[in-house]
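The values are calculated or read from the model by the stated rules, or taken from the named source; none is laboratory data. As the structure is a prediction and not an experimental result, all values here were calculated from the model. Glycine also receives a Cβ, built like all others from the backbone with ideal geometry; neighbour counts cover every protein chain displayed. Keep in mind that these areas ignore ligands, DNA and RNA; they rest on the heavy atoms of the full protein, side chains included. Shrake-Rupley method; radii C 1.70, N 1.55, O 1.52, S 1.80 Å.
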Amino acid sequence: MQYITLNDGTRIPQLGYGVWQVSDAQAFDVVTTALEVGYRHVDTAAAYENEGGVGRAIRDSGIPREEVFLTTKLWNGDHGYDATLRAFDKSLERLGTDYVDLYLIHWPVPEQNLYVESWRAMEKINSDGRARAIGVSNFTAGALERLVKESQKIPAINQIELHPYFSQPAMRQLNEKLGITTEDWSPLGQGGDLLKESVLTRIGDAKGKTAAQVVLRWHLQLGNVVIPKSVTASRIVENFEVFDFELTPAEMDDITELRRDDGRIGPDPAHFNYVG
Ligand code: NAD
């Protein structure tokens, strides 16, 4: 496993395991599998409604808690100072742990305009040692610059949609300028057409790797944290076997050239104001 040191000194495994759209019961099984395979980093969220299963899998694994990097996220309907503190307590309760490694604001929710207040609460949670690192997700340039200007602590991470069809060069550059690590969600493009791209299969065939492994390697070589999801045991293994080969600079460029103007899959955070 490779690690990245965040701006607060916390070390994060560069490859993690994401559990969006996994039921609570299934989360127990798939996180158990992922931990057996060797993953030591799990990405969940209050909104995924599977913190219970994730926490139980970590506890029952027998792996010391401090060896597993656990991320969860504050949901949009829980923004504001007090509401954030309450939501965090509930997440810890469901996870069955007394700290998380990373707590993220899931979306900025610009219309609600409470993310700075939520961040104050996150700073307190961090100072109290209940989240080893704090960060944001889906923050646009405007939201991020405002947060940095109005706050004490700079987010350690900005977790954003990022894959070869939507590689966000400007956002990556801004994160880097501010000392914020970029973490890539939907890194495989949610398993759609991306993995059929001939450039990926050509590169993979030459190295004895699959298109998914080539894409994950591209994320790692960009220097980002990456959190692919799969509920299929063989793919959970496949997605972990990405540390024994390298892409050349030309191959990296070929993959980056897959970028599309309409490459975004998820909501545009500048206009995503859902709090349900
Ligand atoms: P992903 O890009 O990881 O794709 C997952 C899908 O790709 C799987 O369901 C499967 O269909 C396919 N797949 C996985 N491994 C494969 C393989 N080896 N070969 C072929 N197909 C494969 O998509 P995702 O789940 O949207 O994103 C990953 C994680 O990112 C989530 O689970 C979640 O933790 C996080 N996430 C965060 C946000 C956010 O707003 N912060 C939003 C979406 C996702």
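For this structure, a couple of remarks:
- Restricting region 169-190 to residues that are surrounded by 19 or more Cβ atoms within 10 Å (Cβ to Cβ) and among the polar types (S, T, N, Q), the residue that is nearest to the ligand (Cβ to nearest atom) is S186.
- Whichever residue in region 34-48 is more than 13 Å from the ligand (Cβ to nearest atom) and open to solvent by 10 Å² or more (accessible area, probe 1.4 Å) and, among such residues, is nearest to the chain's Cα centre (by Cα): R40
- Within region 222-244, tally of residues that are surrounded by fewer than 15 Cβ atoms within 10 Å (Cβ to Cβ) and closer than 22 Å to E257 by Cα: 1
- Single unsatisfied condition, G129 versus (1) touching a Phe, Trp or Tyr at 6+ places or on another chain (Cβ under 8 Å); (2) within 11 Å of the ligand (Cβ to nearest atom): (2)
- Any hit, region 61-78, residues being within 12 Å of the ligand (Cβ to nearest atom) and among the aromatic types (F, W, Y): yes
- Set side by side, the residues I12, I63, I4 differ, and just one is part of a loop (DSSP other than H, G, I, E, B) and either closer than 19 Å to T182 by Cα or β-branched (V, I, T) (or both), which is I63.
- Selection status of Q21, touching a residue at least 60 places away in the same chain (Cβ under 8 Å) and part of a loop (DSSP other than H, G, I, E, B): yes
- Some residue of region 18-33 being closer than 20 Å to H219 by Cα, away from the ligand (no atom under 12 Å from the Cβ) and at pLDDT 95 or above: no
- Residues that are in contact (Cβ under 8 Å) with a residue 60 or more places away in the chain and over 25 Å from R56 (Cα atoms) were ranked within region 80-125; the one that is most open to solvent (accessible area, probe 1.4 Å) is E111.
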